[in-house]
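A short write-up of the structure that comes next.
The values are calculated or read from the model by the stated rules, or taken from the named source; none is laboratory data. Computed from a predicted structure; not experimentally measured. Heads up, the Cβs are rebuilt from the backbone with ideal geometry, glycines too, and the neighbour counts pull from every protein chain shown. Keep in mind that these areas ignore ligands, DNA and RNA; they rest on the heavy atoms of the full protein, side chains included. Shrake-Rupley method; radii C 1.70, N 1.55, O 1.52, S 1.80 Å.
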Amino acid sequence: MSGPPPNAPGNGQRVTTSRRNRAVTLPARRKLLYGAFTTVAFFGLVELALLAIGVEPASRESDPWVGFSGQSRLFIESTSPSGQPILVTAENRLEFFNRQSFLRDKPPDGYRIFCLGGSTTYGHPYDDRTSFAGFLRAFLPEIDPSRQWEIVNAGGISYASYRIAVLTRELAQYQPDLFIIYTGHNEFLEDRTYSSLIDTPEPIRRAVGLARWSRTFSLAQRILRGTPAAPGGATLPAEVDAILDRAVGPAAYHRDDGWRAQVLAHFRSALRQIVDIARDAGAQVVLVVPAGNLRDCTPFKSEHRDGLTTEQLREFLANFRAAEEAFQAGRLAEALNRIDRALQIDPRHAAAHYFRGRVLIGTGDTKAARQALVQAREQDVCPLRALEAIQEIVRDVAAEGKIPLIDFAALVDREAEDGIPGADWFLDHVHPTIEGYQWLARELADELIEINVVSAQPSWTSDGFQRVGRHLVDQIDPRDHAAALRNVAKVLSWAGKVDDSDRLALQAAAHLPDDADAQRMAGFAMLRHNQTAEAKPRFEAALRIRGDDVRALTGLGEVYTRFGQHEAARDCFSRAVAADPKHVPAQYNLGNSLRILGQLEEAEAAYRKAISLAPDQPDAHKNLGLVLFAQGDVQGTVRHFETALALEDHVPQRHADLGYVLIDAGQQQRAETEFQAALALDPSFVPAMFGRALVCEKQGDWSRASKRLRDALRVAPNDVNVHFYLARYAIQLGDPATAKSELETVLTLDPSHAEARRLRATMATTKLGRE
């Protein structure tokens, strides 16, 4: 045989072996490329398959920053009077939204516009009729009658961008053609935490953010978690639970630069998500840069910078007070000099920047005034006006996505007096006047013409805007205006501008006798003016209209407290707490009534509940301390008075309160230190002077105690307690003449002073009194 046996290795097998050897020795780079290609191809096919069966990426279905405990639809199916299927606003959402309706099936010539945002989109302090959506609804059929225009106002009161994103996902199902987005004022309104996001390294956060665009990742996340939950771990209630609604106004806010940065990042993420959802639905988007009141809106809350010493605080306050006095006297140069000195000490104090802006307006330097007023907004610890960073994010997102933009902030700057928008454009901090809403709608209509959404008929002229707008405004009756005054009064009350709030509330109540909110607000206005008897029927009227009105129950309880009817007050506060256990003022006032009635254990429980809901309320800590003191727990009292002081260490009374408790705790030196700290803040603070005298009394130094009270008399010559204690000390020093003279002064100032009468009677029966 000339060839090899069949099973012997031959040339063919050697060739195969040679090829196998070459495959094994492929370069590592080529192996990686083949492996990467195979992996990408596999997951690409998986993504296509998931797309085909309708799996959406988590980035479209949930917020990467927060989740929600539950969601209900904004619009539900119904039937119109003519029998057509329509979508209407769900009844359980009308607390936050206007009542709206539109055809379930968009007509062939229909064009559907959804307007999304917060209370400005809603039309606050009025409603949909005078919102920019309402004006746009009136304008578009006149400009372009060729289409059946549907303008739906989906603005939600107190709604921030992350809630608007949830709404956009629902509205994307309703054949939208265009979304108009006006958002940015409410980003800081709800309390939420980003702790787990902050603790996660930035590269991992970015990687997870990109992965959320993958359907494969999203499906795996649903399998593991059940829902596309927020990686940040923060869960918000289904409906808005604003910080301002759960606490005593802006007092619940404190400066937190880290949290602010996270809120801004969340806003950018949410706004991009809104745009993506809208575009996925085939709709166009128009963004609006939010605008606010600079000239006539004081900051909601000011806080001092970190690290301010007591001496620096004292100097800051002295300069601020001097600036205010000079401004009132018309000495503008001096006022500017003193407020500048204050701001050199503390450049983060919002109210000081605002005051500086007002002074500069007076001097005519409106450019510098605007800069100061912008700083007042930026340093506001309770930022309920869109910050400059918010405005820039809207502009950035519009530029990134080549999205039409209405720069409303720039518009009002251009049109406002001196370039500083104020009451000429806004009814309060952010809500435009009716004319302002109309102007925005006009700008939007012009933009829709520009982008060829609207084709203006030849007969349309710019005069038509005024004609149509005037007809719409003429339909508003006095009750509507009264309701708007009531709404503005609410906001002003939150801002601590009680005089303006009370004035508007009383005007509104006169025209709204059957409105629980208006009657309740008028009741509180009367309480603030010590019209207690007049306030009572206002609260009772509110409760006849709405029996479980927690605030009205709290107000009526305050009326009974002032009348000395503490059992009735306790019952009102108990009803309020039963209606809303999370209402801090009701819990706090219930504690006060129970303490007065001697029900100390129940009072302690009420105060502790109030503190658990709002731990930053110093008076709750102080009053809990008083209960503990009555129960004999002096050290517990000291702890809570220390907490109250930590929360308001710039308030002289807090130092004095702690000083008095420290005297009872036997810590005389610490007490002296606290009284001195109070006097460092306010050298004329009589309670601290009195406290220093009590320290000397405890040490048996009657002469020094008397001297300290004499210092107090120079500040408060008619202080009854100072005169009474001077009489006591004079007896200890063997000086009956002075004692008698001081007691006579006490009884002249307060003829009913029982202790002074007893001491005078005792002196008359003793040898000392006869000398």
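See the values below:
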| item | result |
| --- | --- |
| In the range 387-435, trypsin sites (Lys or Arg not before Pro) in a DSSP loop with at most 11 other beta-carbon atoms within 10 Å | Lys402 |
| Estimated FRET transfer efficiency when R0 is 25 angstrom, pair Ala368-Asp499 (beta carbons, to 0.05) | 0.30 |
| Amide H partners (placed H, <5 Å) of Ile180, local residues excluded | Phe114, Cys115, Leu116, Val286 |
| Virtual spin-label span in nm between Arg99 and Asp257, 7 Å along Cα→Cβ | 5.0 nm |
| 13 Å beta-carbon shell around Leu713, net charge (K/R +1, D/E -1) | +1 |
| Of the trypsin sites (Lys or Arg not before Pro) in the range 137-180, those whose Cβ has at most 10 other Cβ within 10 Å and which sit in DSSP loop | none |
| Estimated vicinal HN-Hα couplings, Hz - the range 508-514 in sequence order (Karplus 6.51, -1.76, 1.60; Gly, Pro = x) | 5, 4, 5, 9, 10, x, 10 |
| Residue-level accessible surface for Thr765, protein heavy atoms, 1.4 Å, Å² | 100 Å² |
| Projected label distance in nm at Glu325 and Ile476, using a 7 Å step from Cα toward the beta-carbon | 4.4 nm |
| For the range 641-655, 3J(HN,Hα) per residue [Karplus equation, 6.51 cos²θ - 1.76 cosθ + 1.60, θ = phi - 60°, Hz, x = Gly/Pro] | 5, 5, 5, 4, 5, 4, 6, 9, 6, 8, 9, x, 4, 5, 5 |
| Environment charge at Arg546 (Cβ cut-off 9 Å; Lys +1, Arg +1, Asp -1, Glu -1) | -1 |
| Within-12-Å neighbourhood charge of Leu749 [Cβ basis; K, R +1; D, E -1] | -4 |
| Low-density loop positions, trypsin sites (Lys or Arg not before Pro), the range 424-504 - DSSP coil, at most 10 other Cβ in 10 Å | none |
| Separation of alpha-carbon centers, the range 473-548 and the range 290-363, rounded to whole Å | 32 Å |
| For Ile86, distant residues with modelled amide H under 5 Å away | Ser78, Thr79, Ser80, Arg104 |
| Gain upon complete extension [Ala764, Glu400; 0.36 nm per residue less C-alpha separation] | 122.0 nm |
| Theoretical FRET efficiency, 1/(1+(r/R0)^6), r = Cβ-Cβ of Ala456 and Asn92, R0 56 Å, to 0.05 | 0.90 |
| Label point at Glu415 placed 7 Å out along Cα→Cβ; residues across the range 465-494 whose backbone nitrogen lies under 15 Å | 465-470 |
| Estimated vicinal HN-Hα couplings, Hz - the range 735-741 in sequence order (Karplus 6.51, -1.76, 1.60; Gly, Pro = x) | 10, x, 4, 5, 4, 4, 4 |
| Nitroxide proxy distance, nm - points 7 Å out along Cα→Cβ at Asn337 and Thr38 | 8.3 nm |
| At R0 = 45 Å, FRET efficiency that the Cβ-Cβ distance of Arg608 and Asn718 yields, to 0.05 | 0.70 |
| Rg ratio (alpha-carbon, reference 2.2 N^0.38 Å) - the range 409-456 | 1.31 |
| For the range 619-679, radius of gyration divided by Kirkwood radius, i.e. Rg to Rh on alpha-carbons | 0.94 |
| Relative contact order of the range 442-524, defined on C-alpha pairs under 8 angstrom at six or more residues apart (%) | 20 percent |
| Projected-area mean, the range 282-427, by convex hull of Cα positions, square nanometres | 10.3 nm² |
| Mean Cα-pair separation over length for the range 507-646, i.e. relative contact order, pairs under 8 Å, 6 or more apart, % | 13 percent |
